[in-house]
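Notes for the one structure printed next.
Please treat every number below as a calculation from the coordinates, not as lab data. Everything numeric in this text was worked out from a predicted model, so none of it was measured. No Cβ is skipped: glycine too gets one built from the backbone with ideal geometry, and neighbour counts run over all protein chains shown.
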Amino acid sequence: MISGEQQRLVIEKLYRSSDSVSSTEKFNKTYGSTTGHMGERSMELTDFARKMKKTDFLSYRVEEAVKEVTGKNIDLETL
């Protein structure tokens, strides 16, 4: 599982920001129609990863950010 707070922290890192709330708002405005709103509720890590694949962020950056925030490894290429 990845919590809403952890999702916001991952998104903050992807935007290289220091404000997870505004980064998540920006993310949801840009990708919300394809991924659904992120950072609001917990979800399975694999569901989060599948949604992140639909964005323009590079896979390795998403994987790095998830590892840094959650301590768990994901491989977007295998999903």
(message) Modelling each spin label as a point 7 Å along the Cα-to-Cβ direction, I'd like the GLU77/ARG16 distance in nm, to one decimal.
(response) 2.4 nm
(request) State whether the chain is rounded, prolate or oblate according to the following rule on the C-alpha gyration tensor (a ≥ b ≥ c being the square roots of its eigenvalues): a/c under 1.5 gives rounded; otherwise a/b larger than b/c gives prolate, and the remaining case gives oblate. (result) rounded
(message) What's the ranking of 16-24, 44-52 by average number of surrounding C-beta atoms within 10 Å, highest first?
(response) 44-52, 16-24
(message) Run the simple label-point estimate for GLU64 and THR46 please: 7 Å along Cα→C-beta, distance reported in nm.
(response) 2.7 nm
(message) Which residue, ASN28, GLY39, GLN7, has the largest displacement toward the positive end of the dipole of the stretch 4-78 when charges sit on each Cβ (Lys, Arg +1; Asp, Glu -1)?
(response) ASN28
